[in-house]
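Read the structure below first, then the notes.
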Amino acid sequence: SDPIILDRTMEIKAIAIKEGLVDSEIYSSKYIAKVKTPIIALSAGTYTSEQETSITCATEGAAIHYSLDGSTPSTSSPICSSTIPLTRNATLKVVATKEGLEDSEIVSGSYVFQCLPPVFNVPDNQLHNNAQNLRLSTSSSGAKIYYTTDGTDPTTASSQYSTTIVLDGNVTVKAATIKDGWNSSDVVTKAYSFKCADPVFKSESGSYT
């Protein structure tokens, strides 16, 4: 007599009956109620600083489960109750669930974190006459700088920058910013050249007796 509320997955069977007539055939129809697809607020992409994201679902009362390692989330996965911190390379996968409804579609986003290259305080486009104090810095929080002076590309096995590097002769310095769980920066190469200072004559030129 009234509309049937379809608020969960159900199969409805129906028959029509009238006195004096043979009952109708029994007909059935299955209705699948599914949780709406959740929405990840932060766009997938490459970032140079740590991020966080929120996840929403338009189905009231749905639980949002997620994984950060690319595995398929399920009801045994962590529940997103606030924001999710993203501090290293991750593939975020999300599913929303609710009792009586089929799980939502799984949505995912890949997040890549890129270290910023180190900055050199001494320019390399000029001849230097005196020793130089080279300092390296980076804007990537928590990252370490590794460097070489033998022409090879730096790795975590190379010298780690911690204090001023004294440059007192022709040398090529290569440096990179490295952080666990992040993509390493591009290698920055600086070739430094040194020239002896010109001699200074204490006596002026001329004729003497």
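The values are calculated or read from the model by the stated rules, or taken from the named source; none is laboratory data. Only a predicted model underlies this, so the values are computations on that prediction, with no experimental measurement involved. Cβ sites come from the backbone with ideal geometry, for glycine too, and all protein chains shown count toward neighbours. Just the protein is used for accessible areas: all its heavy atoms, side chains included, with ligands, DNA and RNA removed. Shrake-Rupley method; radii C 1.70, N 1.55, O 1.52, S 1.80 Å.
Just name the residue that is nearest to the chain's Cα centre (by Cα) out of those in segment 160-178 that are without any contact (Cβ under 8 Å) to a residue 24 or more places away in the chain and open to solvent by 60 Å² or more (accessible area, probe 1.4 Å).
To start, the set of residues in segment 160-178 that are without any contact (Cβ under 8 Å) to a residue 24 or more places away in the chain comprises 160, 162-163, 171-172.
Right, trim to open to solvent by 60 Å² or more (accessible area, probe 1.4 Å) and you get 160, 162-163.
Working: GLN160: 24, SER162: 26, THR163: 29 Å.
Per the criteria, the residue is GLN160.
Residues of segment 142-159 being of a type in the set (A, V, I, L, M) and either in contact with a Lys or Arg (Cβ under 9 Å, 6 or more places away or on another chain) or surrounded by 18 or more Cβ atoms within 10 Å (Cβ to Cβ) (or both), which ones? Don't jump to the end; show me each part of the working.
Quick first cut of segment 142-159, residues of a type in the set (A, V, I, L, M) only: 143, 145, 157.
Hits for segment 142-159 are ALA143, ILE145.
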What do you reckon, is PHE201 touching a His at 6+ places or on another chain (Cβ under 6 Å) and either in contact (Cβ under 8 Å) with a residue 12 or more places away in the chain or not β-branched (Val, Ile, Thr) (or both)? no
So for segment 190-208 (the condition being open to solvent by 30 Å² or more (accessible area, probe 1.4 Å), at pLDDT 90 or above and either under 23 Å from THR46 (Cβ atoms) or touching a Cys at 6+ places or on another chain (Cβ under 9 Å) (or both)), does at least one residue qualify? no
Which members of segment 5-32 meet the condition of being of a type in the set (Lys, Arg), surrounded by fewer than 10 Cβ atoms within 10 Å (Cβ to Cβ) and within 30 Å of GLU60 (Cα to Cα)? LYS13, LYS30
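Does VAL94 count as in contact (Cβ under 8 Å) with a residue 60 or more places away in the chain and either open to solvent by 30 Å² or more (accessible area, probe 1.4 Å) or outside any loop (DSSP other than H, G, I, E, B) (or both)?
Details: in contact (Cβ under 8 Å) with a residue 60 or more places away in the chain: no; either open to solvent by 30 Å² or more (accessible area, probe 1.4 Å) or outside any loop (DSSP other than H, G, I, E, B) (or both): yes.
Spelling it out, it is not the case that VAL94 is in contact (Cβ under 8 Å) with a residue 60 or more places away in the chain and either open to solvent by 30 Å² or more (accessible area, probe 1.4 Å) or outside any loop (DSSP other than H, G, I, E, B) (or both).
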For segment 125-141, how many residues meet the condition of being buried (at least 16 other Cβ atoms within 10 Å of the Cβ) and in a loop (DSSP other than H, G, I, E, B)? 2
